[in-house]
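Remarks on the structure that follows.
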Amino acid sequence: MLRPALLVGVVFAVVAWCLAAGPTHAQPTGPQSTNTLQDAFTRSLGPPAATDNDDLLEQTDGDIARWEQALDVFRLIGGRADLSQEQLAVIRTQIVDTKTLIEERRRQLDALVTQLHAQLDSLGPAPDDGLEPEAVQRRRNELTDRVREVEGRHKEIGLLIELADQLVERIGVARVAELRDRLFSQYPTPLRPEVFLTGLRDGLDVLGRIISAPVIDLSRGLERSLSALPPLITVTLIAVAIWLAARLWLEPRFGPYGEPGSYSRRVLAAIVVALSRGVAPAAVIAAPVFVIDQLAVTSGLATIVLVSAQEALVRFLLLTGLIRAALAPHNTPWRLPDIPDESVSVIWRRSLILLTTLHVALFLIEVAQNLNISPELRSGFALVFSVLIAGNLLALLRRGYWEPQVQAADGEEESDDARTGIDPGTVIRWLLILVSIAGVAFALVGYSEASIWLVSKLIDVSFLALALVMARGLVRDLGGIVDDSTTRAHRWVQRMTGAGDGAITRTIFWFNILIDLATFAGAMLGVALIVGMSAGDLYLIVLRALEGFDVGTVRISPGSLLAGLLAFFVALVITRMIQRALVRRIFPHTHIDSGVQHSVTAGIGYVGVTLALLTAVATVGFDLSNLALIAGALSVGIGFGLQAIVNNFVSGLILLAERPIKVGDWIKIGNYEGTVKRINVRATEIQTFQRSEVIIPNSELITSALINYTHKDKYGRIDIAVPVSYGEDPKRVGDILLELASEHPMVATWPEPYLFFHGFDDVAMRLQLRVYLIDINNFLTVTNDLHFAVAERLRAAGIAFPRPHTDTRLRRDDVQERMLGPVATDARFDHQAPKGGEMDS
């Protein structure tokens, strides 16, 4: 019986041949016939792309047969119970690739059906009496038959897609079952002495095979090894040169030497240390192993040992370089996190022990997967591995190392975590502790695979979280450097973009949100890959998510929604750019009134938003002809509860079009008086002379009477009332008033100021100076100036203002009571005061 791997390889070769084979077409051997220009033109008037359509249908028939054959093969081999996770993942990837080809062909048929229906629509509906030209009827029948053929292939392809989905789901279930069976396969418990001794003996034997395999393989292929020396030495020397350049040139110039100066300088030094102490040494290790693997210098177990050792060592160097760059264990001033020296030294030492133990174990696990090791060795190795990792991890997770107790100062507000009693760091730390203990417990009872899987995935997730958190913090710190107005980076961004401090701060804020979203997405993707999902699984998930769902005859997908949002924002940005260009570049060079400018700008904004919404709806895939249904639904809502809103909206449009008021006008409506600042969709903002804002619904401005002092122009009249005593000459006073009015620069010369004799009263003659202003908005200033000038000029001319004559009448009883107080009265002496008994004064 063939091994499963060999069977899968043979089947995939057959499937690949089936998918690669295509229809063969006979090629003409002789010269093409010469046609006249008229013949070519006549042929071009025939059915468009009929030959291409025939080829597509013929090719589809052959492809359907091959796809059916391939899916049948996948169904047969996918049902085997002895396939590994990797083999099932490869089969699933092949099915997904086949499904992708089938869906591409369905899209081609959809486009062809759309073209055929468009041609049928161009012919119009068939007459009821059946009388139409023979050529038109023949063409209608041909197109109808072609539509039936294409739709038939379309249904067959849809059936194949459904079959592919079922196979993918079946393989997914098989993978879960295989993982469950493998993890919960119980091995002999390592607590039994005979199991432990057998595992120890087998472990020493496997270790000897691992050490001797590369030496034996290289000695057997000595000639092959010698031929690989030139490229191996060249690549190694290049990698060593890069490493030396990073250590001897880059690090002394930009590394953590001297005083840090600023936080940005510390961030730069950390990046340099990560490159020189992590990336560069890893390249020195990876480069020669890559050459050996590509040139096939080794084979079999030797290649597995070299590649596994290279992967473990490269990963170890990268992680230690990253931790060294962040913690700076021997250089406190250059440390990025705020952690005490005592904690840093312990964290650094424990991290080295943990990383060393982890990567040695991972190397042994990777090699052991390709060896037939005994159950006793697997059980003992799982126990030793889980105990070492859990012990180092528990020592590293001590609370005092990461969260030194610092009491809040007086008056300092407690954090949200302190108030709620929920600390995310504590929750994560306890989860890691519980998982570590669970891994040891699984190993003790014999579930070796579950123990190794659980602990290794825990470490992978932990370091993924560490890498993402450090990368996120580094990028956000770089954004903070740009946001700091005292840095050169901030000044450079201002110089290159012309943005102000506020704009840069807002940009950095949204940039940080994008970084957080990217970090979350990276975490989800990394965790999915760590727990066993393949790239094909993730691709299938993304593909299904992008397929979306159907709403009636419209398919809504994330891609179409993103495209609709992008179209909306692009149209909105274009609208705002047009408005900004009008306000900043065009209107300042014209004499258009400010109110007209606002109306034009607002109108363009409303039109732009409407077009943006329509563009977004059309991009998503909705038929714009269905907007009548939406409008009908909205009309019902308007009839019940949106009358006021729609009334105000329509009134706002009337205000912009008819312009009874405009921005900058001085109006008075009811008890409110002020300047129009903005006409919005629903309401208008008026700023009173007390600098308070009044929001008035647009419908009130349309239906109520109002006074607009600056409707046609800004000319306006003010009246200055001046009382004159009866002993003064009113003509002389009038001349003085007219002279003062003519001297004021804000008073219009036409119409000229004039004097109005308002009338007489008991105290004075009432004069009224009426003047016209060029800009009525200055009425308070002119009124104030004229009042002061009139008082000063009349006083200088010896003209006094009349004083009102006041007569005071007191009743005799009131005077007696105020002078003597209340007096007791006797009925015998009570008499009635004479009528009219009053005192004049």
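Things worth noting here:
- Residue ranking by accessible heavy-atom surface, 1.4 Å probe, largest first, among ASP593, ASP338, ASP129, ASP63 comes out as ASP338, ASP129, ASP593, ASP63.
- Check: region 709-762 dipole with +1 on Lys, Arg Cβ and -1 on Asp, Glu Cβ, in debye: 320
- Heavy-atom accessible area order for LEU529, LEU131, LEU352, largest first, 1.4 Å probe: LEU131, LEU529, LEU352
- Cut-off 9 Å between beta-carbons: net charge of the residues surrounding ILE515, Lys and Arg +1, Asp and Glu -1: +1
- Each residue of region 750-762 was assigned a 3J(HN,Hα) from its phi angle through the Karplus curve 6.51 cos²θ - 1.76 cosθ + 1.60 (θ = phi - 60°); the sequence is 9, x, 6, x, 9, 9, 10, 7, 6, x, 10, 9, 5 Hz, with glycine and proline shown as x.
- Most to least accessible of TRP67, TRP510, TRP492 (protein chains only, probe 1.4 Å): TRP510, TRP492, TRP67
- Each of the peptides 243-256, 292-305 was scored by the mean count of other Cβ atoms within 10 Å over its residues; in descending order, highest first, they stand as 292-305, 243-256.
- HN-Hα J in Hz across region 452-464 - Karplus 6.51, -1.76, 1.60, θ = phi - 60°, x for Gly and Pro: 5, 5, 5, 5, 5, 5, 4, 5, 4, 5, 5, 6, 4
- For region 164-250, diffusion coefficient by Stokes-Einstein and Kirkwood Rh (Cα), 20 °C, 1.002 mPa s, µm²/s: 112
- Relative packing of 271-280, 457-466, which averages over residues the other C-beta atoms within 10 Å, highest first: 271-280, 457-466
- P(r) tail fraction, region 74-134 - alpha-carbon pairs more than 16 Å apart, %: 66
- Accessible area of region 109-148 belonging to carbon and sulfur atoms, whole % at 1.4 Å probe: 52
- Dipole size of region 733-798 about its Cα centre, with +1 on Lys/Arg Cβ and -1 on Asp/Glu Cβ: approximately 60 debye, rounded to the nearest 20.
- Cross-link partners of LYS677 among lysines (Cα-Cα below 28 Å; sequence separation of 8 or more within a chain): LYS662, LYS668, LYS712, LYS714
- Taking amide H atoms as placed 1.01 Å from N in the peptide plane, the amide H of LEU706 has no partner under 5 Å among residues 5 or more positions away or on other chains.
- Mean Cβ count within 10 Å, highest first, over the residues of peptides 511-520, 149-158, 764-773: 764-773, 149-158, 511-520
- Solvent-accessible surface (1.4 Å probe) assigned to LEU319 amounts to roughly 30 Å².
- Sequence-ordered 3J(HN,Hα) estimates for region 382-392 from the Karplus curve with 6.51, -1.76 and 1.60 and θ = phi - 60° stand at 4, 5, 4, 4, 5, 5, 5, 5, 5, x, 5 Hz, glycine and proline given as x.
- The solvent-accessible area of MET533, taken with every protein chain present and a 1.4 Å probe, is close to 60 Å².
The values are calculated or read from the model by the stated rules, or taken from the named source; none is laboratory data. Since this is a predicted model, take the numbers as computed values, not measurements. Reconstructed Cβ throughout: ideal geometry from the backbone, glycine too, with neighbour counts over all protein chains shown. Areas reflect the complete protein model, heavy atoms only, side chains present, ligands, DNA and RNA absent. Shrake-Rupley method; radii C 1.70, N 1.55, O 1.52, S 1.80 Å.
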